[in-house]
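Okay, so here's the structure we're looking at.
The values are calculated or read from the model by the stated rules, or taken from the named source; none is laboratory data. Since the model is a prediction, treat every value here as computed from it, not as a measurement. Cβ coordinates were reconstructed from backbone atoms using ideal geometry, including for glycine residues, and neighbour counts include every protein chain displayed. The protein model used for the area step is the full one, side chains on, heavy atoms only, and it has no ligands, DNA or RNA in it. Shrake-Rupley method; radii C 1.70, N 1.55, O 1.52, S 1.80 Å.
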Amino acid sequence: MSNLMSGSKILLECLVREGVDTIYGYPGGVTIPFYDAMYDHPIRHVLVRHEQNAAFAAQGYVRATGKTGVCCATSGPGATNLTTGLVDALLDSIPIVALTGQVTSTLIGTDAFQEADTFGITRSATKHNFLIKNIADLPQAIHEAFYIASSGRPGPVLVDITKDVFQGNMQYNPVTSIHLPGYKVYTEGHTGQIRRAAQMMLEAERPMVYAGGGVIHSEASAELRELVELVDSPTVCTLMGLGALPGNHPNYISMPGMHGSYAANMGMYNTDLIIALGVRFDDRVTGRLKAFAPHAKVIHVDIDPSEISKNRNADLPIVGDVKRVLQKLNAVLREMNPSAMDRPGLRAWWKQVRDWKAEHPLEPSFSTTEIKPQHLMAEIERISKGEAIVATDVGQHQMWAAQHISFNKPRLWLTSGGLGSMGFGLPASVGAQMACPNQLVFCIVGDGGFQMSLPELATIVNHGLPIKIICMNNGYLGMVRQWQQLFYNNRLSQVTLDGFPDPVHLAAAYGFKGSTVSHPSQLRAALEMAVAEPGPYLLNVKVSPEENVYPMVPAGGAINEMVLGPPSPVEVPR
Amino acid sequence: MQQVISLLVENKPGALMRIVGLISARGWNIDSLTVAKTLDTSLSRMTIAVAVDDHMRRQVIKQMNKLINVLQATDLSEGPSVTREMVLMRVRAPQESRTAILKEAEIFGARVVDSSVEGFALEATGETEKLDEFADIMRSYGEIEITRSGAVTLSLEAKKLRLSPPVTKGAQVHETDGQEKLVHKTN
Ligand SMILES: Cc1ncc(C[n+]2csc(CCOP(=O)(O)OP(=O)(O)O)c2C)c(N)n1
Ligand SMILES: [Mg+2]
């Protein structure tokens with residue numbers, strides 16, 4: 001009899017077996033039994049201030065470590081608040097397991113208090129989800145959830161658990177195996193295809209490696225580096241792939257796409273062989289698809305067969321884990337000894353790429369009277385030197401950070417790529433700093449997005465997290481203002497952010513320090529002071545409000561038709 | 001163009017929702033859908049007829065195969081297959097037309113499942129177009145009421161079913177090679 005365990009305790013036991021050390025969550029009616037079991041359990045629970053931020057914080061933890069993250073919310077409003085964070089994780093392939101409480105099984109379907117159809121609502125927000133109404137099904141579902149979240153193409157999995165399951169008791173026998181006959185994961189890559197790929201790479205005259213988030217998810221940075229050195233190919237990393245190849249690597253060009261560099265986009269346009277690794281030919285990268293890389297053959301390596309030939313037809317598809325495929329590919333390439341080959345086409349290609357780089361470098365602009373956003377990012381880069389964790393929000397600041405801050409390693413750059421969710425930055429930095437307590441963590445946010453998850457300042461203070469919050473304050477929903485200026489005759493509609501709180505008082509109200517800097521001559525000292533502060537710091541940086549992000553490929557444009565800067569001086573009414 | 005998709009699915013709550021969700025999320029309309037258990041009662045066989053944007057045909061099959069509960073999704077519009085549908089129909093039959101109705105029913109291979117003074121209940125199976133014709137003819141005799149099963153389709157090619165084996169907890173993800181077939185078929 002004494003072997004009986006409650007559902008809540010069984011759940012915790014399963015989490016321990018999965019190696020979980022932290023849960024980001026928020027309690028409520030139906031999860032009280034679970035929170036009661038957590039009361040004296042070693043797993044750390046972090047109380048965020050909104051369930052959306054529980055999902056984002058769990059994501060910050062995952063993106064910085066590669067481990068599966070866990071978040072938890074109550075039924076009804078708790079679960080619905082989670083959904084943005086789940087979709088965000090789905091689009092960026094981030095493994096998180098979300099646990100939600102559900103009303104007692106006999107009340108389901110009665111419009112009970114705080115009842116929502118979480119299983120239905122999150123069907124399209126997750127890689128897979130479960131509704132557990134019977135305690136006997138709980139352990140199996142939890143382990144399946146972790147397996148599905150972390151294997152193959154990673155993603156969020158939700159387990160909705162009824163209150164009576166938390167409260168029920170049963171004899172607990174640990175799960176020893178799981179069986180998901182329909183869940184196919186292809187990791188190895190086809191050997192023949194890999195050989196053909198190696199051949200194509202060395203025959204190409206103008207190769208271009210296009211590396212994305214998949215390289216980071218599969219921990220394939222070392223393999224990527226070896227590949228680009230063997231093939232001696234110029235390489236671009238997508239927004240999700242920044243850091244997959246060190247930012248200072250000689251083969252690295254920069255980020256391609258809507259706000260990619262001139263050299264990266266011209267390279268992608270003119271290449272004769274795209275070596276696509278863990279990417280999905282997103283419209284923000286390709287621009288108008290029909291005009292994308294018209295002369296190129298495509299080798300596409302991805303673990304998800306549905307990504308192959310989804311947007312751009314692959315001439316040579318390889319379904320597999322990027323790491324495993326690159327290991328095999330590198331072995332083949334090594335045998336072929338490319339360094340001994342004479343590849344005159346490649347030499348000419350490199351000269352061309354370097355010329356593009358020199359023609360329009362991605363260089364920050366400076367002013368003596370106001371802080372240019374690019375100047376701010378350059379100063380952060382000076383401190384970070386490619387080593388700090390940088391979490392961002394969504395908007396202009398995100399693009400400038402991506403353009404001007406470099407990363408020597410993967411898992412330093414944490415950003416919401418696919419969904420582009422404002423409010424992501426602050427909670428993501430919470431998860432990252434908790435996972436990496438000794439790392440310098442910058443949280444770069446816009447004055448808009450910062451206010452979407454402002455309450456997490458309390459979480460930061462509660463846990464003494466020394467996050468350096470850099471608010472790039474342009475007084476606008478800058479990215480929307482940029483589009484309104486460029487494409488809507490500068491009719492600025494609902495983009496002015498009046499009433500931003502005084503950062504000194506705001507930080508003080510939460511019990512930490514903050515300040516504002518607005519003159520370029522004081523920027524460096526202000527940043528250094530923020531970094532020197534042992535605790536968290538809020539630095540409000542007033543930047544030139546009307547600056548636009550360039551280069552820019554207008555929506556629907558071809559990537560070789562970038563707008564490189566403002567067409568002519570533009571009058572902007574203040 | 002219409003696509004006929006055959007799915008072998010785990011017989012679990014929510015499985016149908018996931019499949020239908022893929023279709024509805026793309027704004028397509030399902031023309032017909034049938035589901036029933038297979039010999040192995042833990043599995044269901046589903047036939048879906050849906051008008052799909054041409055360039056999305058392969059993508060849809062891949063997306064369905066990605067669903068955890070789907071063991072296999074195949075596009076039957078390409079290979080050889082047989083399709084049948086069943087119709088149940090109530091026909092009002094005044095005395096003078098009863099014999100004529102029965103004659104027509106016989107031509108279409110329909111069976112009488114109920115007979116009363118008001119009329120008949122008929123049952124017929126066949127290809128969808130044949131049943132359309134049958135319905136048209138019966139309507140010419142007066143008011144009818146009709147329920148159709150939706151199409152069930154059987155592929156005439158043997159398709160190899162590849163299933164993942166169980167995973168021991170703590171073990172590495174199951175690894176497979178032999179990708180060539182899958183990849184080449186889908187591209
Ligand atoms: C939740 C959410 N709502 C709306 C948007 C649309 N959006 C994209 S960028 C942006 C402006 C962001 O302003 P701010 O946070 O000040 O950053 P800035 O662009 O000024 O750097 C908006 C509104 C979004 N991405 N996410
Ligand atoms: Mg702003």
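Conditions tested, residue by residue: (1) among the charged types (D, E, K, R); (2) over 24 Å from A:ILE460 (Cβ atoms); (3) surrounded by 24 or more Cβ atoms within 10 Å (Cβ to Cβ); (4) under 23 Å from the mean Cα position of the chain (by Cα).
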residue	(1), (2), (3), (4)
A:GLY60	no, no, yes, yes
A:SER75	no, yes, yes, no
A:ALA89	no, no, yes, yes
A:SER124	no, yes, no, yes
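Within 16 Å of ligand 2 (Cβ to nearest atom), closer than 19 Å to A:PRO364 by Cβ and either in the same structural domain as A:GLY243 (by TED's automatic domain parsing) or in contact (Cβ under 8 Å) with a residue 12 or more places away in the chain (or both): which single residue out of A:GLY423, A:GLY446 fits that description?
The unique qualifying residue is A:GLY446.
Can you tell me which of (1) out of contact with any strand residue (DSSP E or B) (no Cβ under 8 Å at 6 or more places or on another chain); (2) touching a residue at least 60 places away in the same chain (Cβ under 8 Å); (3) over 29 Å from A:GLU223 (Cβ atoms); (4) within 14 Å of ligand 1 (Cβ to nearest atom) is the one A:PRO373 doesn't meet?
(1)
Per-residue answers, yes or no, for (1) more than 20 Å from A:PHE442 (Cβ to Cβ); (2) surrounded by 21 or more Cβ atoms within 10 Å (Cβ to Cβ); (3) of a type in the set (Gly, Ala, Ser):
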residue: A:GLU456; (1), (2), (3): no, yes, no
residue: A:GLY464; (1), (2), (3): no, no, yes
residue: A:ASN490; (1), (2), (3): yes, no, no
residue: A:ALA509; (1), (2), (3): yes, no, yes
residue: A:SER518; (1), (2), (3): no, no, yes
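For A:TRP350, indicate whether it is open to solvent by 10 Å² or more (accessible area, probe 1.4 Å), modelled with pLDDT of 95 or more and aromatic (Phe, Trp, Tyr).
Yes.
Would you confirm whether or not the range A:79-87 contains a residue that is away from ligand 1 (no atom under 16 Å from the Cβ) and crowded, with 23+ Cβ neighbours inside 10 Å?
Within the range A:79-87 (the criterion being away from ligand 1 (no atom under 16 Å from the Cβ) and crowded, with 23+ Cβ neighbours inside 10 Å), the answer is yes, since at least one residue qualifies.
Just to be sure I understand the filter: pairs with C-beta atoms under 6 Å, separated by 6 or more residues or on different chains, first member in the range A:309-326 and facing chain B (nearest Cβ under 9 Å), second member aromatic (Phe, Trp, Tyr). Which pairs pass?
Correct list of pairs: A:VAL319/A:TYR186; A:GLY320/A:TYR186.
Select from the range B:25-44 the residues that are within 13 Å of chain A (Cβ to nearest Cβ) and exposed (fewer than 14 other Cβ atoms within 10 Å of the Cβ) and list them in ascending order.
Those that are within 13 Å of chain A (Cβ to nearest Cβ) and exposed (fewer than 14 other Cβ atoms within 10 Å of the Cβ): B:ALA25, B:ASP40, B:SER42.
Which of (1) touching a residue at least 40 places away in the same chain (Cβ under 8 Å); (2) aliphatic (A, V, I, L, M); (3) open to solvent by less than 60 Å² (accessible area, probe 1.4 Å) is the odd one out, the single condition A:ALA141 does not satisfy?
(1)
Residue-wise test of (1) more than 14 Å from chain A (Cβ to nearest Cβ); (2) at pLDDT 95 or above.
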{"residue": "B:GLU96", "(1), (2)": "yes, no"}
{"residue": "B:VAL112", "(1), (2)": "yes, yes"}
{"residue": "B:THR125", "(1), (2)": "yes, yes"}
{"residue": "B:ALA158", "(1), (2)": "yes, no"}
{"residue": "B:HIS184", "(1), (2)": "no, no"}
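If you take just the strands (runs of 3 or more DSSP E) that sit entirely in the range A:427-533, which of them hold at least 1 residues that are within 16 Å of ligand 1 (Cβ to nearest atom) and aliphatic (A, V, I, L, M)?
It comes to A:441-446, A:468-473.
Which of the following residues is over 21 Å from the mean Cα position of the chain (by Cα), β-branched (Val, Ile, Thr) and closer than 29 Å to A:THR392 by Cβ: A:VAL332, A:VAL319, A:VAL325, A:VAL228?
Result: A:VAL228 is the single residue among A:VAL332, A:VAL319, A:VAL325, A:VAL228 that is over 21 Å from the mean Cα position of the chain (by Cα), β-branched (Val, Ile, Thr) and closer than 29 Å to A:THR392 by Cβ.
Give me the pairs: first residue in the range A:264-288 and over 13 Å from A:GLY213 (Cβ atoms), second residue hydroxyl-bearing (Ser, Thr, Tyr) and open to solvent by less than 10 Å² (accessible area, probe 1.4 Å), beta-carbon distance under 8 Å, and six or more apart or on different chains, which are they?
From the range A:264-288, the pairs are A:MET268/A:TYR210; A:ILE274/A:TYR210; A:ILE275/A:TYR210; A:ILE275/A:SER233.
Take the range A:145-188 and flag every residue that is within 8 Å of chain B (Cβ to nearest Cβ) and in contact with a helix residue (DSSP H, G or I) (Cβ under 6 Å, 6 or more places away or on another chain).
Matches in the range A:145-188: A:VAL175, A:ILE178, A:THR187, A:GLU188.
Just to check your reading of the model, which residue among B:VAL70, B:VAL82, B:VAL60, B:VAL20 is surrounded by fewer than 17 Cβ atoms within 10 Å (Cβ to Cβ), among the hydrophobic types (A, V, I, L, M, F, W, C) and within 14 Å of chain A (Cβ to nearest Cβ)?
Matching residue, one of B:VAL70, B:VAL82, B:VAL60, B:VAL20: B:VAL20.
Mind listing whichever residues of the range A:61-120 are at positive phi and of a type in the set (D, E, K, R)?
A:ASP111
For the range A:1-100, which strands (runs of 3 or more DSSP E) that fit wholly inside it have 3 or more residues that are closer than 30 Å to A:GLY212 by Cα?
Result: A:22-25, A:69-73.
Go through (1) crowded, with 24+ Cβ neighbours inside 10 Å; (2) away from ligand 2 (no atom under 14 Å from the Cβ); (3) farther than 20 Å from A:TYR24 by Cα for A:ALA388 and report which single condition fails.
Result: A:ALA388 passes all but (1).
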